[in-house]
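The values are calculated or read from the model by the stated rules, or taken from the named source; none is laboratory data. Bear in mind that the values here come from a model prediction, so they are computed numbers and not experimental data. With ideal geometry, Cβ positions are generated from the backbone for all residues, glycine too; neighbour counts draw on all protein chains shown. The accessibility values were calculated without ligands, DNA or RNA, using every heavy atom of the protein model including side chains. Shrake-Rupley method; radii C 1.70, N 1.55, O 1.52, S 1.80 Å.
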Amino acid sequence: MKKAPTARVSVVSSSHGMGFYTWHVVENKVYGDPNLAELYDLSSEELAKGISVEQIFTIMVDEDRALIAGNVHSAILTAEPSSGRFRVRRKDGTTRSLVSFGRCLHDEMGVPTFYTGAVIDASSPHIAEGNDPLKAHCRAALSLAEMRGDHLAARYLSSALKTVTSKPDSS
């Protein structure tokens with residue numbers, strides 16, 4: 001099975017908006033912290049008790065579900081890290097774009113046991129996404145400068161981004 005290409009994603013700094021999860025693969029129970037509950041528009045109580053991974057997939061936007069399912073399946077088989085961008089449908093009808101980072105841990109017999117990771121809002125200035133780390137970090141820094149209202153820094157960062165964007169990706 002061919003793995004879908006994904007852009008590299010890295011966290012530039014920690015954020016209160018990052019939610020953490022652990023999926024007990026054998027029991028099919030996903031547990032998460034209150035930040036994850038907020039990102040997924042679920043109750044903290046539900047995630048503290050554990051919900052099935054299928055419940056997570058049902059709130060994903062249909063167009064994103066197959067790609068993320070493929071990434072998760074590949075990560076379960078290979079025990080390699082995985083990341084992906086997807087959207088979830090919220091109870092008020094809006095969607096939210098998220099980025100997830102995770103890895104499946106195997107026991108001593110090689111059996112997939114725990115899948116653990118983090119989820120962050122894709123619009124957060126604390127993530128950098130792309131195949132070129134310099135471009136990705138420039139985009140993240142520009143987003144942060146704009147969010148803070150630092151117009152001079154945003155102008156310089158926009159200029160820097162134009163400069164590095166005009167060069168082909170190194171990967």
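Within the range 54-67, track down each residue that is open to solvent by less than 70 Å² (accessible area, probe 1.4 Å) and out of contact with any helix residue (DSSP H, G or I) (no Cβ under 8 Å at 6 or more places or on another chain).
Within the range 54-67, VAL61, ASP64 qualify.
Residues of the range 18-31 being touching a Leu at 6+ places or on another chain (Cβ under 7 Å) and either part of a loop (DSSP other than H, G, I, E, B) or open to solvent by 40 Å² or more (accessible area, probe 1.4 Å) (or both), which ones?
PHE20, TYR31 - these are the residues of the range 18-31 that are touching a Leu at 6+ places or on another chain (Cβ under 7 Å) and either part of a loop (DSSP other than H, G, I, E, B) or open to solvent by 40 Å² or more (accessible area, probe 1.4 Å) (or both).
State whether the residues of the range 68-77 include one that is in a strand (DSSP E or B) and either open to solvent by less than 30 Å² (accessible area, probe 1.4 Å) or modelled with pLDDT under 75 (or both).
No, the range 68-77 contains no residue that is in a strand (DSSP E or B) and either open to solvent by less than 30 Å² (accessible area, probe 1.4 Å) or modelled with pLDDT under 75 (or both).
Within the range 126-136, is even one residue over 18 Å from the mean Cα position of the chain (by Cα), in contact (Cβ under 8 Å) with a residue 12 or more places away in the chain and not in a loop (DSSP other than H, G, I, E, B)?
yes
When only residues in the range 144-158 that are within 15 Å of SER123 (Cβ to Cβ) and open to solvent by 40 Å² or more (accessible area, probe 1.4 Å) count, which is modelled with the highest pLDDT?
ARG148
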